[in-house]
Amino acid sequence: MMKKLVLAAAAVALSATTSLAATEVTWWHAMGGELGKKLEEVAQKFNESQSEYKVVPTYKGTYPETLNAAIAAFRAKQQPAIVQVFEVGTGTMMAAKGAVYPVYKLMADQGEAFDTKSFLAPVTGYYSDTEGNILSLPFNSSTPIMYYNKDVFKKAGLDPEVAPKTWKEVEEFSKKIVTSGAAKCGFTSAWITWVQTENLSAIHDKPFGSLENGFGGFDTKFEFNGDLQVKHWANLKKWQDEGLFKYGGPVGGDQAATMFYAQECAITMNSSAGRAGVINNAKNFTPGFAPLPYYDDETKEPKNSIIGGATLWVLNGKDDATYKGVAKFFSYLSKPEVQADWHQFTGYLPITNAAYELGQSQGYYEKNPGSDVSIKQILRGTPSANSKGVRFGNFAQVRTVVDEEFQSLLSGQKDAKQALDAAVERGNTILREFQAAN
Amino acid sequence: MMDTKRTTFNNKLLPYLLLAPQLIITLVFFIWPAAQAVKSSVEREDPFGFSTVFVGLTHYKRLFADPSYLDSLLRTGVFAVAVTLLSMGLGLAFAAAVDRLTRTSRIYTTLLVWPYAVAPVIAGVLWFFLFNTSTGILPFFLSQFGINWNHDLNGTHAMILIIIAAAWKQVSYNFLFFLAGLQSVPHALMEAGAIDGAGPVKRFFTIALPLLSPTTFFLFIINVNYAMFDTFPIVDATTNGGPAQSTNIMVYKVYQDGFLGLNLGSSSAQSVLLMLIVMVLTFVQFRYVERRVQY
């Protein structure tokens, strides 16, 4: 009897330790709504695929809130193992050498296979150091594309299957749309800084800042007040005054999507990750997808667009078992089927070549026309120093400055040249502050 | 002088012990963070806290050389004055109106107090929806009068929006205090005034209002503090300080530079300055305005 009891107790104790033995890997992220659910599903599936590690995702609010929470937690020594940081925070994270456990090093230390070449080049380029080592794991990367309303195009007497390729066409089409009364406005745009300034510069192979857009070091200066950018901003102002363009608001420009869904504007430019939202909200019309327009008098061969979105950073100060779990989880995340599933559900780019090829062999892109516009746009041509991406410290602050100057332009307080000059000057002050602090 | 019975405690420690809970709370939640803010305002630090350099008053000097900060000071002034006047004016008007009611005063009091239960951020969102440039109902009405409402681009519109949202929330509070104040005005005085032939308006301005001055003074301080500190969620939920910084009041700028921009030194310096301004204002109010107040 006694023996049985002891055995039973031992069995209970044993089973308890096995279930406790699953090492917890904390993961702070900024994906709300549908994206958040999908993210949790990804973590859930990883947890079910093995029993040693348990990834625990926690939603921490917006991107800036998540980054701040992680920084505050790090200072209080309560940091998560993994934190999702948006592309704007990349400069800050890279400068924080003591806080970050570079992914390439983590994978090597833990003996997990990690081939830089298996990732899409523009994605890895954005998140690598100057030696080409990947510092954070690309997870959700997007690039801006153009969305248009096929029904409004038809009403305006335009071919619904032909999207405007150049800015000249955007202007012509918009005029037709507005004068025919098919819609109140021709086009709008989310993310003025990211889409109409950073990506504009990259596509036309113009520098956004010195030292390879900041990739070369902290001693960089902004240069986005060049002729092209001035011309484009002046055009946007002109088009606004003519009623062809409508401003969607600062930062993410939430109004842009609203106006597009309400069929007030016939065209919008937004992250490829907005695709799911467009399909869900375009109840009364058929949406079309196309690459971003360019100026054909500036370039005949537009370069690749640059990415946005976020990557997963590993923070220092955890034990080896946790890092082992992180490495296993990252290997899982990089699997083609996991990547392809995430990409196809969300509209984010497939991170690896294999995930893109898997989608092709599944016939996903044929079944979902327009779903590969973003991938093709990001893979076209050879990336130059100007189209590799942008990397600046305190960049979130700079984006605010650019937004503010754009508003001064639209409200008529400044002309395009003055607004961009002011943005560059104020941006440089912020860069010097960052340089001094790091 | 009358001889009063006094209990004396000989224990020297007891008073401090009795004060301790309050002192500890003040120390932990006010003095300590304030000291931290002062400390980091003279340092330059990277966000993760690896390198900290003493930089003296650099952050302060930069702020006062920065036109956008001086601009923010001015906007804060405009905002605080407008919110205080609007919310106190309306609060007083409602209180005077309800005070004259007999049977329905309770219902009106309850209804008028409701907005106070709304969290500032919800108040912000509420007005944001009402004024939403593409779907809001107010811009639609305004467009009937030829006003093209656009707080995304028009700084004045944005300022009006946050003033209304911030004042709306505070009207309830002012209303309650004014109502209580009015109800404690002795009836004998009012009746005496009435017998002497003063109408309701005259009675209000010559009898009730002067007797309300302690309440008014108290509310004035509370409202200025509210406008300076507690309006952050309203700005955050509506304009984000835009367009082109036209609603970037000081408390929001502290958040924007510190939490979004991760520029901790400058942000701390700004919060220290904000603290100083409110301290000076309160001091001035107690020193000079209170003298004219009759209790």
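Laboratory data are not the source of any read-out in this text; all were calculated from the coordinates shown. It should be emphasised that the depicted structure is a prediction, and the values quoted were computed from it without experimental measurement. Ideal geometry is used to build each Cβ from the backbone, glycine not excepted, and the neighbour counts take in all protein chains shown.
Please check chain A for the longest run free of GluC sites (Glu not before Pro) that are loop-located per DSSP (anything but H, G, I, E, B) and have at most 15 other Cβ atoms within 10 Å.
Result, exposed sites excluded: A:243-438.
Name the shape class, rounded, prolate or oblate, that the alpha-carbon gyration tensor gives for chain B, where a ≥ b ≥ c are the square roots of its eigenvalues, rounded holds for a/c under 1.5, and otherwise prolate holds if a/b is larger than b/c and oblate otherwise.
Note, shape of chain B comes out oblate.
Which of B:Phe205, A:Phe187 has the fewest other C-beta atoms within 10 Å, and how do the rest follow up to the most?
B:Phe205, A:Phe187
Note down the net charge around A:Lys168, summing +1 for each Lys or Arg and -1 for each Asp or Glu among other residues with Cβ under 10 Å from its Cβ.
Here the count lands on -4.
Can you tell me the orientation of helix A:320-333 relative to chain A, as the angle in degrees between its alpha-carbon axis and the longest Cα principal axis, to the nearest 10?
Relative to chain A, helix A:320-333 is tipped by roughly 50 degrees.
Order of A:Phe74, B:Phe141 from fewest to most other C-beta atoms within 10 Å?
B:Phe141, A:Phe74
Note down the magnitude of the dipole of the protein assembly as shown about its Cα centre, charges +1 on Lys and Arg C-beta and -1 on Asp and Glu C-beta and zero elsewhere, to the nearest 20 debye.
The dipole magnitude comes to about 1920 debye.
Using a ≥ b ≥ c from the Cα gyration tensor of the stretch B:61-160 (square roots of the eigenvalues), is it rounded, prolate or oblate, where a/c under 1.5 gives rounded and otherwise the larger of a/b and b/c decides, a/b for prolate?
Cα axes put the stretch B:61-160 in the oblate bin.
Equivalent ellipsoid semi-axes for chain A, as square roots of 5 times the alpha carbon gyration tensor eigenvalues: give them largest first, rounded to whole Å.
42, 26, 19
Under a 10 Å cutoff between Cα atoms, tell me which one of B:Ser51, B:Ser271, B:Ser105 has the largest fluctuation in the Gaussian network model of chain B.
Of B:Ser51, B:Ser271, B:Ser105, the Gaussian network model singles out B:Ser51 as fluctuating most.
What does the structure give for A:389-401 when I average, per residue, the other chain Cβ atoms found within 10 Å of the residue Cβ?
3
Is there a simple number for the mean count of other chain Cβ atoms within 10 Å of the Cβ of residues in B:245-254, and what is it?
1
Along Cα→Cβ, 7 Å out, is where each label goes; now give me the distance between the ones at A:Val162 and A:Thr286 in nm to one decimal.
Using points 7 Å along Cα→Cβ, the separation is 1.7 nm.
What longest region of chain B stays clear of trypsin sites (Lys or Arg not before Pro) that DSSP places outside H, G, I, E and B and that have at most 13 other Cβ atoms within 10 Å?
The answer is B:104-295.
To the nearest 500 deg cm²/dmol, what mean residue ellipticity at 222 nm is calculated for chain A from DSSP H runs of n ≥ 4 alone, each contributing -39,500 (n - 2.57), summed and divided by the residues?
Calculated mean residue ellipticity at 222 nm is -14000 deg cm²/dmol.
Could you give the nm distance between label points at A:Glu24 and B:Val53, where each point is 7 Å from its Cα heading toward the beta carbon?
The two pseudo-label positions are separated by 4.0 nm.
Give the average, rounded to an integer, of partner chain Cβ atoms located within 10 angstrom of each Cβ in A:61-68.
Whole-number average of other-chain Cβ neighbours for A:61-68 is 2.
Considering the dipole of the protein assembly as shown built from charges on the beta carbon (Lys and Arg +1, Asp and Glu -1) around the Cα centre, which of B:Leu153, B:Gln36, A:Phe114 is farthest to its positive end?
Farthest towards the positive pole: B:Gln36.
How much of the DSSP bridge set in the protein assembly as shown is antiparallel, in percent, rounded to the nearest 5?
Counting only bridges with both partners in the protein assembly as shown, antiparallel ones make up about 60 percent.
I'd like the trypsin sites (Lys or Arg not before Pro) in the stretch A:260-323 restricted to DSSP loop residues with at most 13 other Cβ atoms within 10 Å, sorted by number.
A:Lys283, A:Lys300
For the protein assembly as shown, build the charge dipole from Cβ charges (+1 Lys, Arg; -1 Asp, Glu) around the Cα centre, then report which of B:Tyr288, B:Met275, A:Trp313 sits farthest towards its positive end.
Going by the charge dipole, the pick is B:Tyr288.
When chain B is modelled as a GNM with alpha-carbon springs shorter than 10 Å, which of B:Val83, B:Val38, B:Val235 fluctuates the most?
Maximum fluctuation in the GNM of chain B, among the listed residues, is at B:Val38.
For the stretch B:78-83, what does the Karplus curve 6.51 cos²θ - 1.76 cosθ + 1.60, with θ = phi - 60°, yield as ³J(HN,Hα) per residue in whole Hz, taken in order and with x for Gly and Pro?
4, 4, 5, 5, 5, 5
To the nearest 20 debye, what charge dipole does chain A have about its Cα centre, counting +1 at the Cβ of each Lys and Arg and -1 at the Cβ of each Asp and Glu?
Value, rounded to 20: 780 debye.
Sticking with the crude label model, points 7 Å out along Cα→Cβ, report the distance from A:Asp319 to B:Ala117 in nm, one decimal please.
In this crude label model, A:Asp319 to B:Ala117 measures out at 5.0 nm.
In a GNM of chain B with a 10 Å cut-off on Cα contacts, which of B:Gly77, B:Gly91, B:Gly261 has the highest mean-square fluctuation?
B:Gly261
Report the calculated FRET efficiency for B:Phe129 and A:Gln413 (r = Cβ-Cβ distance, R0 = 35 Å), to the nearest 0.05.
In this case the efficiency is close to 0.80.
Rank A:Met31, A:Gln78, A:Cys185 by how far each Cα sits towards the positive end of the charge dipole of the protein assembly as shown (+1 on Lys, Arg Cβ; -1 on Asp, Glu Cβ) and give me just the farthest.
Ranked along the dipole, the leading option is A:Gln78.
Under a Cβ-only charge scheme (Lys and Arg +1, Asp and Glu -1), can you give me the dipole magnitude of the stretch B:64-292 about the Cα centre, in debye to the nearest 20?
580
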